[in-house]
1. Would you pull out the residues with amide H under 5 Å of L98's amide H, same chain only if 5 or more places away, H placed 1.01 Å from N?
2. How tilted is helix 45-54 with respect to the longest principal axis of the chain? Cα atoms for both, answer in degrees (0 to 90, nearest 10).
3. If you filter segment 42-117 for GluC sites (Glu not before Pro), then keep DSSP loop positions with at most 12 other Cβ within 10 Å, what is left?
4. So what are the three principal axis dimensions of segment 3-113 from its Cα atoms, in whole Å, longest to shortest?
5. Report the full-extension gain for the segment D57 to W110: residue separation times 0.36 nm, less the Cα-Cα distance, to one decimal in nm.
6. Taking trypsin sites (Lys or Arg not before Pro) that fall in a DSSP loop and have at most 14 other Cβ atoms within 10 Å as cut points, what is the longest piece of the chain between them?
7. Taking Cα pairs under 8 Å and at least six residues apart, what relative contact order does segment 3-113 come out at, in percent?
8. By how many degrees, 0 to 90 and rounded to 10, does the Cα axis of helix 3-17 deviate from the longest principal axis of the chain?
Amino acid sequence: MSDINDWMERYLRAWDSNDPADIRALFTEDAEYYTLPGRRPKRGADAIAEWWEEARDEPGDYTFRWETIASTPARAVIQGYTGYHERSSFHNLWVIDLEPDGRASRFTEWWVEVPEGADATPEPGEDQ
């Protein structure tokens with residue numbers, strides 16, 4: 001299994017569990033987590049876990065699909081789709097910098113809300 005596949009499995013497990021230990025295990029102690037490019041990042045695994053708890057999604061409140069767009073041992077680009085049952089859905093693009101130990105030192109996400117009335121559930125890589 002590639003490093004990014006392993007990391008994504010652990011990320012999805014943390015997303016479902018909201019367990020601070022699962023979240024911290026994804027990131028280096030000095031990791032930077034950008035919720036949008038240009039925004040001040042959450043810095044450090046503890047700060048990321050605290051923020052995650054504040055912004056948490058409940059298990060079963062969403063669906064998520066993803067595919068790897070590009071990957072090297074040190075960086076991966078992920079295209080995803082997050083569908084929420086009671087609110088908007090989003091197309092996602094993530095850039096994840098991975099360290100040799102499998103933790104992320106930097107995570108940057110871009111998200112675009114799916115316009116009302118648009119086909120909200122294309123598979124990653126499909127044209128709308």
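1. R75, A76, S105
2. So the inclination is approximately 30 degrees.
3. On the way: sites: E50, E53, E54, E67, E86, E109, E113, E116; in loops: E86, E116.
Here the sparse-neighbourhood loop sites are E86, E116.
4. Rounded to whole Å, the extents work out to 38, 29, 27 Å.
5. Values: separation 53, 0.36 × 53 = 19.08 nm, distance 1.76 nm.
Taking D57 through W110 to full extension adds about 17.3 nm, to one decimal.
6. Working: sites that count: R39, R56, R87.
That would be 88-128.
7. Working: 216 pairs, mean separation 28.2, N = 111.
Dividing the mean separation by the residue count of segment 3-113 yields 25 percent.
8. 80 degrees
Quick note: the coordinates plus some simple rules give every number you see, no bench work behind them. Since we're looking at a predicted model, the values are computed, not measured. Positions of Cβ are backbone-derived with ideal geometry, glycine not excepted, and every protein chain shown enters the neighbour counts.
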